[in-house]
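Just below is one structure, and these are the notes that go with it.
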Amino acid sequence: MPTRSLIGILSDDGRTYLSRYCHNEGRPTHQLPALGEALHHHAGDLALLVAVLLDHDWSYLAPSEAAAEAADGARRNGGLQPIAGIGYRYADNPGRAPVSGALDEGGVGGIEWLYLVSGNEVRVHYEAGGAWAHFGTYDAADLAHLDLNDLTARETEGLHP
């Protein structure tokens, strides 16, 4: 079963956000390193990375895999298009707008994780009984080097959905 997430940017008010849907691999053990790898593919330009992320809804993030596939001009089944340095976007939903919301208004139905860029950080939240609960805040420069054992332990010790 997929682990759904939203990936986006936290507004200056610290409460509202603008995000895009990501259908698969939404747990921090996948998304945080993938975002770190994507940041590397975008020369450390977090603002550029967020702008590209907000252009599409995503099947999943896989920056290097998508870069290799995009270079070949190949396409996966199911209407997925590789976007180099990010992952696989849904090619069949053009014009769909980003999702907006507020941290204090609770989760979005069926979405388990929320990743929001704020300054040079990524703030991670999880859905907990109809509300967003804070999971952790991570420096964007460190995303590719996180301790996955620690993240896995936190995911399995009841500190998440």
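The values are calculated or read from the model by the stated rules, or taken from the named source; none is laboratory data. Since we're looking at a predicted model, the values are computed, not measured. No Cβ is skipped: glycine too gets one built from the backbone with ideal geometry, and neighbour counts run over all protein chains shown.
Which residues, counting only those in the range 24-60, are touching a Pro at 6+ places or on another chain (Cβ under 6 Å) and either in contact (Cβ under 8 Å) with a residue 60 or more places away in the chain or farther than 22 Å from LEU151 by Cα (or both)?
Correct list: GLU37, HIS41, LEU54.
Looking only at the range 115-126, how many residues end up being over 23 Å from GLU25 (Cβ atoms) and either aromatic (Phe, Trp, Tyr) or free of Cβ contacts under 8 Å to residues at least 12 places away in the same chain (or both)?
Of the residues in the range 115-126, the ones over 23 Å from GLU25 (Cβ atoms) are 119-120.
Next, from what is left, pick out any that are either aromatic (Phe, Trp, Tyr) or free of Cβ contacts under 8 Å to residues at least 12 places away in the same chain (or both): 119.
Qualifying residue count for the region: 1.
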Item to complete: Output the residues belonging to the range 37-58 that are part of a helix (DSSP H, G or I), farther than 15 Å from GLY119 by Cα and in contact with a helix residue (DSSP H, G or I) (Cβ under 7 Å, 6 or more places away or on another chain).
Response: GLU37, ALA38, HIS40, HIS41
Item to complete: Give the residue that is modelled with the lowest pLDDT, with candidates limited to residues of the range 75-91 that are outside any strand (DSSP E or B) and closer than 19 Å to HIS41 by Cβ.
Response: ARG76
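Quick one: count up the residues across the range 129-143 that are touching a Gly at 6+ places or on another chain (Cβ under 8 Å) and surrounded by fewer than 16 Cβ atoms within 10 Å (Cβ to Cβ). I'd like the intermediate steps shown before the answer.
Step one: filter the range 129-143 for residues touching a Gly at 6+ places or on another chain (Cβ under 8 Å), giving 130-132, 140-143.
Subset that is surrounded by fewer than 16 Cβ atoms within 10 Å (Cβ to Cβ): 130-131, 141-142.
Number satisfying all stated conditions: 4.
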Worksheet item: Which condition does ASP12 not pass, out of (1) at pLDDT 95 or above; (2) touching a Leu at 6+ places or on another chain (Cβ under 8 Å), if it passes all the others?
Response: (2)
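Test GLU112 against the stated conditions and say whether it is in contact (Cβ under 8 Å) with a residue 12 or more places away in the chain, over 22 Å from LEU46 (Cα atoms) and touching an Asp or Glu at 6+ places or on another chain (Cβ under 7 Å).
Details: in contact (Cβ under 8 Å) with a residue 12 or more places away in the chain: yes; over 22 Å from LEU46 (Cα atoms): yes; touching an Asp or Glu at 6+ places or on another chain (Cβ under 7 Å): yes.
Answer is yes for this residue.
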